[in-house]
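Step one of this worksheet: look at the structure below.
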Amino acid sequence: QVQLVESGGGLVQAGGSLRLSCAASGKIFTINAMDWYRQAPGKRRELVAGITTDGSTNYADSVKGRFTISRDNAKNTVYLQMNSLKPEDTAVYYCNARNPLGVIKWGQGTQVTVSS
């Protein structure tokens, strides 16, 4: 089993920054990638960014140049640095852990609210 604990959400003004953290524990050797998703009210959950164990990253077009995903292997933690935040970034942000067969765990979610 893998456990994921997210933190770092909150309320910020447009143009501000937040850093989300997702700490993994348990059978972390089964993980080969982790992602951040978000879901705004009334909308589908969408991929924000992902990172593999070898450090390869991918981003949604809407966050390229503003968000950065990174990992600290010593802490088994993945981060999402969010800069130049916009009101449309408001959502619940979820991290997940994947193996080659798919998602093996979702985090509980953390609320990010960007005021205009």
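The values are calculated or read from the model by the stated rules, or taken from the named source; none is laboratory data. In this text the structure is predicted, and so the values were computed from the model without any measurement. For neighbour counting, all protein chains shown are included, and Cβ atoms are generated from backbone atoms with ideal geometry for every residue, glycine included. Side chains included, ligands, DNA and RNA excluded: accessible areas come from the protein's heavy atoms. Shrake-Rupley method; radii C 1.70, N 1.55, O 1.52, S 1.80 Å.
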Considering only protein heavy atoms, what per residue accessible area in square angstrom results for the chain with a 1.4 angstrom probe? 53 Å²
Share of accessible surface on carbon and sulfur in the chain, whole %, 1.4 Å probe and ligands ignored, is 49 percent
Cleavage-rule hits, trypsin sites (Lys or Arg not before Pro), segment 1-71, DSSP coil, Cβ neighbours within 10 Å at most 12: Lys43, Arg44, Lys64
Mind checking which of Gln13, Gln81, Gln39 has the largest fluctuation in a GNM of the chain, springs on alpha carbons under 10 Å? Gln13
Starting from the amide H of Thr90, placed 1.01 Å from N in the peptide plane, find each other amide H under 5 Å away whose residue is 5 or more places distant or on another chain. Val114
When the Cα centres of segment 44-58 and segment 68-116 are compared, how far apart do they sit, in Å? 9 Å
How large is ³J(HN,Hα), in whole Hz, for each residue of segment 45-61 in order, when computed from phi with the Karplus curve 6.51 cos²θ - 1.76 cosθ + 1.60 and θ = phi - 60°, using x for Gly and Pro? 5, 10, 6, 9, 6, x, 9, 9, 5, 8, x, 5, 10, 8, 9, 5, 4
Per-residue HN-Hα couplings for segment 15-26, Karplus 6.51 cos²θ - 1.76 cosθ + 1.60 at θ = phi - 60°, whole Hz, x for Gly and Pro? x, x, 10, 9, 10, 9, 10, 9, 9, 9, 8, x
